[in-house]
Amino acid sequence: MGASIAYGYAKKGARVLLIELGPISFYENFFHLGSMGPQPVGLVKNLDIVLLTAESCLKEYVLHYLRVKKIYEIFFENRVMRAFIQAAPAVAELSILGKITSQIRHVGPPMEYDHVVVDAYATGHFLALLRSPAALGEMIHTGPFGVESRKIIEVLLNPQCCDYTLVATPEPLPVQETKELQEALMAEFGIKAQVLVNKVLNIEPTEESVSQLGQITKVEEPSVLQFCTYLNYVRRRQDSALLQLKDLDKNLKYFPWLMNTTEPIKMLELLSERYFHE
Amino acid sequence: MSRLDELIESHEVIVLVGNGGVGKTTMSSLLAVRAAQKGHRTLVLTVDPAKRLAQALGVDALSGESSAISIEGKGTLFAAVIDAKSIFDRFIRKHVLSVEAQEKILNNRIYQKLTTQLSGSQEFTALDRLLTAHESQQYDRIILDTPPASHAIDFLEEAEKIENIFQDAVLKWFVSPFQRQSWVGQIIHRGTNVAFKGLEKLTGSEFLEELLNFFQTVYVLKDQILKRMSQARQLLQSPKVAFVLVTQADKNKIQAAEALIGTLNKRGYELKHIFVNRTFPHMKLATTMVLAPDAQKTWNQVRGLYQTMEAVNRAHEEALGHLLNRLGSHLGVTKVIDQDQDIDDIRGLEVLSKTLDSKL
């Protein structure tokens, strides 16, 4: 869904950066992009993808800030410093969020994009990511880290420049996880996140007609009854999930399960069309 | 005996890893229920900060302390989450003898943030919790549910990371900056001095002071922390422990799983088993049927949907087959068919466990 939203903006003519949080890239294989890293790779016109890790973000920031390559080399090729970077709490999270918000804060190397779409971590780890600048900003009052932490959180909490989208599939566990994340975002940060539901299966025949079919054929074709039972269960599970998700977001957007679409760009095209035109 | 039961019988600790959304927590719970049903006193632990384990077991909430979960059969099942703050606090109270020194650490501002709001303490505390549970000999089997892939890697690399941090040469810079008196030492560390100045420019002196203060405070725990991490690494690499990958028959998830397997191998953790969760329930549907018009219409729609779902899943299963061939036959594989009922409590898990028996 993240890639589809990014694709949709790019299709409208905006310059878009799709950020994936590392160390493992999903898009690398999905789009057959070769090895992904901190350098943006063009996917289609106006859309670049990048894989960010804390180390790559910090390196870029340090190099830009210190400007002297020698100091940068000492900084990163020194095992004391490497251990420090690994050990210092919140440095990893701050580096990533610093990079994501750098364009708005006018800090670090320039990024010339109209939209930045972040394919972020799952529930608990995403909350931990957001808590870092808030915690550090509270604790450290002076110096660049304290100041930047407060600026980062200010950007992240500004609805004029940042919105949050939770993506669920229509099943009990993802729905519950979405509910908890939405509540936590509101309680801790005052963030109102919109909800999308992906992989919605279109089951044309009604539950009743499917049940009837199962009953009619159960003697001659017991496997039909078995599949009808399964299909109706999937429908009920999906319907219940959709109802709960609708409670979370009255403007819930539905995205179909594109079972017949295997070409990744075609998939983005279909999903983004729905996202922007529904 | 099935490969799955062999896995349970021959390992004291089973660690489940996998990408996000593949059903890792459900599979951890399933394995725990199955181990308990075989008569083992079993503990299922989760490192994931989300509340999925409680949900999968159908209980309201879980705490850092083991909660007994009622199951059918002769065994006993316990479940717990990793409560980073209480584990860390307990670790300090156990290993730091002076109450004054204990309070100094517990009141350190970075320590307080690290154990509550900031990430970074989950991995260490998870390893410590796992070791403590294993050493306690209260459980015959421990099932560990790890966070999604990228964070599972953090967990697997934690012992090594902490060992790097607590190297003597590194620590000297954090804990005794004024004790470097030899001229040789001064020359060696000149580069670090420059780096520290750069670091101060980047972070500010207040942050750096807080951090140095934190390192100096926890220095008293150095030997215990290193010992703990060494024990954790030894346990995870020992034959008592099995790593199990959870994936789904989905091309993208299989590709992501392969990357995770690579990381496991690189770190010396041997993959013993794969769970392929929620595989499509293939059925032998008739190709044609003659029915009354209304039923015929429904049949055509149902048949069409089945064909589409089956074709998609066959393609995914082919990709899975290639992966399994590459990995070799020494690996146990359990395919868990997508069910036609909810698996969101202990009864559901018991039913699911029985379906594995009928298939095996």
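Condition check: surrounded by 19 or more Cβ atoms within 10 Å (Cβ to Cβ), modelled with pLDDT of 80 or more and touching a Leu at 6+ places or on another chain (Cβ under 7 Å). Does B:VAL218 satisfy that?
no
Kindly indicate whether any position in region B:312-324 is of a type outside the set (Phe, Trp, Tyr), within 21 Å of A:SER209 (Cα to Cα) and not in a loop (DSSP other than H, G, I, E, B).
No, every residue in region B:312-324 fails to be of a type outside the set (Phe, Trp, Tyr), within 21 Å of A:SER209 (Cα to Cα) and not in a loop (DSSP other than H, G, I, E, B).
When region A:98-113 is filtered for residues that are in a loop (DSSP other than H, G, I, E, B) and of a type outside the set (Ser, Thr, Tyr), the ones remaining, listed by number, are A:HIS106, A:VAL107, A:GLY108, A:PRO109, A:PRO110, A:MET111, A:GLU112. The number of residues in region A:126-159 that are within 10 Å of B:LEU118 (Cα to Cα) and of a type outside the set (Gly, Ala, Ser) comes to 6. The single residue among B:ASP60, B:ASP48 that is without any contact (Cβ under 8 Å) to a residue 24 or more places away in the chain and either within 14 Å of chain A (Cβ to nearest Cβ) or outside any helix (DSSP H, G or I) (or both) turns out to be B:ASP60. Could you say whether any residue in region B:88-106 is under 27 Å from B:THR26 (Cα atoms), in a loop (DSSP other than H, G, I, E, B) and modelled with pLDDT under 90? No, because not a single residue in region B:88-106 is under 27 Å from B:THR26 (Cα atoms), in a loop (DSSP other than H, G, I, E, B) and modelled with pLDDT under 90.
Per the listing B:LEU226, B:LEU171, the residue uniquely crowded, with 16+ Cβ neighbours inside 10 Å, in a helix (DSSP H, G or I), modelled with pLDDT under 80 and not basic (Lys, Arg) is B:LEU171. Restricted to region A:114-201, the set of helices (runs of 4 or more DSSP H) holding at least 1 residues that are under 28 Å from B:ASP60 (Cβ atoms) and not basic (Lys, Arg) comprises A:123-139, A:172-189.
Sub-6 Å Cβ pairs linking a first residue in region A:91-103 that is closer than 13 Å to A:CYS162 by Cβ to a second residue that is at pLDDT 90 or above, at least 6 apart or interchain, are A:LEU97/A:PRO133; A:LEU97/A:ILE152; A:ILE100/A:VAL118; A:THR101/A:ILE152; A:THR101/A:VAL155, ordered by first then second residue. When B:VAL96 is tested against the conditions (1) within 14 Å of chain A (Cβ to nearest Cβ); (2) more than 22 Å from the chain's Cα centre (by Cα); (3) touching a residue at least 12 places away in the same chain (Cβ under 8 Å), the lone failure is (1). Quick check on my filter: what residues within region A:213-240 are more than 7 Å from every other protein chain (Cβ to nearest Cβ), assigned to a helix (DSSP H, G or I) and of a type in the set (A, V, I, L, M)? Matches in region A:213-240: A:LEU225, A:VAL234.
Here's the yes/no breakdown for (1) under 23 Å from A:ASN202 (Cβ atoms); (2) more than 9 Å from chain A (Cβ to nearest Cβ); (3) surrounded by 15 or more Cβ atoms within 10 Å (Cβ to Cβ):
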{"residue": "B:GLY262", "(1), (2), (3)": "no, yes, no"}
{"residue": "B:ARG278", "(1), (2), (3)": "yes, yes, yes"}
{"residue": "B:THR308", "(1), (2), (3)": "yes, no, no"}
{"residue": "B:LEU320", "(1), (2), (3)": "no, yes, yes"}
{"residue": "B:LEU323", "(1), (2), (3)": "no, yes, yes"}
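Considering region A:91-120, and only residues there that are within 12 Å of chain B (Cβ to nearest Cβ), crowded, with 20+ Cβ neighbours inside 10 Å and not charged (D, E, K, R), the residue that is farthest from B:HIS151 (Cα to Cα) turns out to be A:GLY98. In region B:343-360 there is at least one residue matching the filter, namely being surrounded by fewer than 17 Cβ atoms within 10 Å (Cβ to Cβ), more than 8 Å from chain A (Cβ to nearest Cβ) and in a loop (DSSP other than H, G, I, E, B).
Tally the residues that are small (Gly, Ala, Ser) and either in a strand (DSSP E or B) or touching a residue at least 40 places away in the same chain (Cβ under 8 Å) (or both), restricting the search to region A:17-71. Qualifying residue count for the region: 2. For region A:151-161, the set of residues classified as surrounded by fewer than 16 Cβ atoms within 10 Å (Cβ to Cβ) and touching a helix residue (DSSP H, G or I) at 6+ places or on another chain (Cβ under 7 Å) consists of A:LEU157, A:CYS161, listed by residue number.
The values are calculated or read from the model by the stated rules, or taken from the named source; none is laboratory data. All of these numbers come straight from a predicted model, not from anything done at the bench. FYI the Cβ positions are ideal-geometry reconstructions off the backbone, even for glycines, and counts take in every protein chain you see.
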